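*Asks:* I have a structure I would like to understand better, so I am pasting it below and will then ask my questions one at a time.
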Amino acid sequence: MIAYPGRLKSLFAALFLTMSASLCIPALAVTSKPDPALDKSPATATQLPQRQPPAVVFAGRIAGDATSTRLFFDFDRKIDFSSFFMEKPDRLVIDGPPMLFRFAEPELIKPRGLVSFLRYGAITAQKSRIVVSLARPVKLNRFEVVEIEEGKIFRLVVDLAPTGPAAFRQMIAEQRARFGASGEVASKGDRVQVSNKQPGRFTIVVDPGHGGIDGGAKGISGTREKDLTLAAGRKIAEKIAAAGPFDVKMTRNDDVFLSLGERVAFAQRNQADLVISVHADTLRQKWVRGATVYTLSKRASDELASQLAVSENMSDLIAGLDNPKEEDVVQDILADLTARETSVFSRSFSRILVGRLGQKVNLIKNPQRSAAFVVLKAPEIPSVLVELGYLSNRKDERLMNEAEWQDGVADQVARAVSDFFKPRME
Ligand SMILES: [Zn+2]
């Protein structure tokens, strides 16, 4: 699922210049719709304003070669786009209103010429994005919407031509001067109201991994991680809400993208007592299977954990955002390690959860592992990342798709949450 496998290390070490989409940042982005099953969780109930249905992208094409490449996308109505470049890796990011991508002939949008990879999808409830990964630095020779059939078909035409690395960097510097330096999709702050915490009640944040433009891992039979984490996350949230004095909040309850920073901020705004991030990734080691519970540590417990943290931390980059700077991550984690208590609680929950999960499902060898996962770095909130299994393993993929299996896991997670908070309940 990673677009740039050979370059991971240099990528991660690189400083990511911040390019902004700030001119089109919507004021909003509440990420979850209310789920009737979760009536007890008030924070998920913030309603989005009614909007017109998304534009449909029904055709697209990439044509040309390494000297000149044209992309076009056909829509059912006139919409406005904005675009900006990012480097390390080089990308063209195209933002527009909500779009449904229904390419009639997907083979026509296979990367070629100056385009090395194409990704598209929702980035917030009110914004969709196309991320064009570039084979080398390019400039835009044309970027415009033309009417193909009156009132019915509109086409975004994008012409790319090679340019030098210096000119590309210069262009990005100019963009930054114009648009500012905020790479966040949504502005931080109080876009979700903080609920007043009630004594004797605990707030649990369930965080279904990936979403929207970031599909996460892909299984051998085609399962998308973002769908699996949402389905399992909903069940887990529902079971926890029913298991005790728990207010459960989901970071997302539909198919939208959330940056790693937003997930952490969501938990902090809601004064969460526990964060459970739900995943089902792939590993190069296809034989590896079974549930694993990860906590935060500066140094990875082992090679698998380190591999996973690198791939998880790429989520922002995949969506055309800046990756967190490595030194920031390390620094935050160092600060985090001084918060000994949190880290002790995280490990304690991890131990309880592993014990509970083991009664129901297959566990990996050494199921309690740790690495530098950005999504776990809220210093004041015990946080774990659960890999339900691995989509790179055929057996795991089949099981994880079964509703009964998901129910069983959700039950065990809810029991673990009860066990964990029992000492703090009257
Ligand atoms: Zn994942």
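*Asks:* Quick one: is GLY290 over 30 Å from PRO199 (Cβ atoms), modelled with pLDDT of 90 or more and either away from the ligand (no atom under 16 Å from the Cβ) or not polar (S, T, N, Q) (or both)? If you could, list the steps in order and put the result at the bottom.
*Replies:* Working: over 30 Å from PRO199 (Cβ atoms): yes; modelled with pLDDT of 90 or more: yes; either away from the ligand (no atom under 16 Å from the Cβ) or not polar (S, T, N, Q) (or both): yes.
In short, yes.
*Asks:* Right, next: Could you grab me the full set of residues in the stretch 96-123 that are surrounded by 19 or more Cβ atoms within 10 Å (Cβ to Cβ) and closer than 15 Å to ILE318 by Cβ?
*Replies:* Once the filter is applied, which keeps residues that are surrounded by 19 or more Cβ atoms within 10 Å (Cβ to Cβ) and closer than 15 Å to ILE318 by Cβ, the stretch 96-123 yields TYR120, GLY121, ALA122, ILE123.
*Asks:* Additional query: As an exercise: evaluate ASP396 against (1) in contact with a Lys or Arg (Cβ under 7 Å, 6 or more places away or on another chain); (2) surrounded by fewer than 22 Cβ atoms within 10 Å (Cβ to Cβ); (3) among the charged types (D, E, K, R) and give the number of the one condition it does not meet.
*Replies:* (2)
*Asks:* Just the residues that are under 14 Å from ASN141 (Cβ atoms) and crowded, with 17+ Cβ neighbours inside 10 Å, please, taken from the stretch 65-85. Break it down into steps so the answer makes sense when it comes.
*Replies:* Here is the first cut: in the stretch 65-85, the residues under 14 Å from ASN141 (Cβ atoms) are 67-72, 83, 85.
Correct list: THR69, ARG70, LEU71, PHE72, SER83, PHE85.
*Asks:* For GLY215, state whether it is within 16 Å of the ligand (Cβ to nearest atom) and at pLDDT 95 or above. Don't jump to the end; show me each part of the working.
*Replies:* Working: within 16 Å of the ligand (Cβ to nearest atom): yes; at pLDDT 95 or above: no.
Spelling it out, it is not the case that GLY215 is within 16 Å of the ligand (Cβ to nearest atom) and at pLDDT 95 or above.
*Asks:* Considering only residues that are surrounded by 24 or more Cβ atoms within 10 Å (Cβ to Cβ) and among the small types (Gly, Ala, Ser), look in the stretch 383-393 and name the one that is farthest from THR282 (Cα to Cα).
*Replies:* Per the stated criteria, the residue is SER383.
*Asks:* Kindly list the number of the only condition in (1) away from the ligand (no atom under 16 Å from the Cβ); (2) small (Gly, Ala, Ser); (3) modelled with pLDDT of 95 or more that fails for SER221.
*Replies:* Of everything listed in (1) away from the ligand (no atom under 16 Å from the Cβ); (2) small (Gly, Ala, Ser); (3) modelled with pLDDT of 95 or more, SER221 misses just condition (3).
*Asks:* Related question: Check whether at least one residue in the stretch 211-223 is over 23 Å from GLN412 (Cβ atoms), outside any loop (DSSP other than H, G, I, E, B), touching a helix residue (DSSP H, G or I) at 6+ places or on another chain (Cβ under 6 Å) and not aliphatic (A, V, I, L, M), and report yes or no.
*Replies:* If we filter the stretch 211-223 for residues that are over 23 Å from GLN412 (Cβ atoms), which is where we start, we get 211-215, 218, 220-222.
If we keep only those that are outside any loop (DSSP other than H, G, I, E, B) as well, we get 211, 214, 218.
If we keep only those that are touching a helix residue (DSSP H, G or I) at 6+ places or on another chain (Cβ under 6 Å) too, we end up with 211, 214.
If we keep only those that are not aliphatic (A, V, I, L, M) as well, we get 211, 214.
Scanning the stretch 211-223 turns up at least one residue that is over 23 Å from GLN412 (Cβ atoms), outside any loop (DSSP other than H, G, I, E, B), touching a helix residue (DSSP H, G or I) at 6+ places or on another chain (Cβ under 6 Å) and not aliphatic (A, V, I, L, M).
*Asks:* Which residue pairs have Cβ atoms closer than 8 Å, lie 6 or more positions apart in sequence or on different chains, and pair a first residue in the stretch 215-227 that is farther than 15 Å from ASP254 by Cα with a second residue that is of a type in the set (Lys, Arg) and surrounded by fewer than 16 Cβ atoms within 10 Å (Cβ to Cβ)?
*Replies:* ILE220/ARG394; SER221/ARG394; SER221/ARG398
*Asks:* Next question, about the same structure. Being in contact with an Asp or Glu (Cβ under 8 Å, 6 or more places away or on another chain) and surrounded by fewer than 24 Cβ atoms within 10 Å (Cβ to Cβ) narrows it down to one residue among ARG201, ARG224, ARG284; which is it? I'd like the intermediate steps shown before the answer.
*Replies:* Details: ARG224 fails: in contact with an Asp or Glu (Cβ under 8 Å, 6 or more places away or on another chain); ARG284 fails: in contact with an Asp or Glu (Cβ under 8 Å, 6 or more places away or on another chain).
Just a single option satisfies the conditions, and that option is ARG201.
*Asks:* Considering only residues of the stretch 229-284 that are aliphatic (A, V, I, L, M), within 13 Å of the ligand (Cβ to nearest atom) and in a loop (DSSP other than H, G, I, E, B), which is farthest from ASP396 (Cα to Cα)?
*Replies:* The first filter runs over the stretch 229-284 and keeps only residues aliphatic (A, V, I, L, M), leaving 230-232, 236-237, 240-243, 248, 250, 256, 258, 260, 264-265, 267, 272, 274-276, 278, 280, 283.
Still in the running and within 13 Å of the ligand (Cβ to nearest atom): 230, 232, 258, 260, 278, 280, 283.
Now drop any that are not in a loop (DSSP other than H, G, I, E, B), which leaves 258, 280, 283.
Working: LEU258: 26, ALA280: 9, LEU283: 12 Å.
Filtering first and then ranking leaves LEU258.
The values are calculated or read from the model by the stated rules, or taken from the named source; none is laboratory data. In this text the structure is predicted, and so the values were computed from the model without any measurement. Using ideal geometry, Cβ is built from the backbone for each residue, glycine included, and neighbour counts are taken over all protein chains shown.
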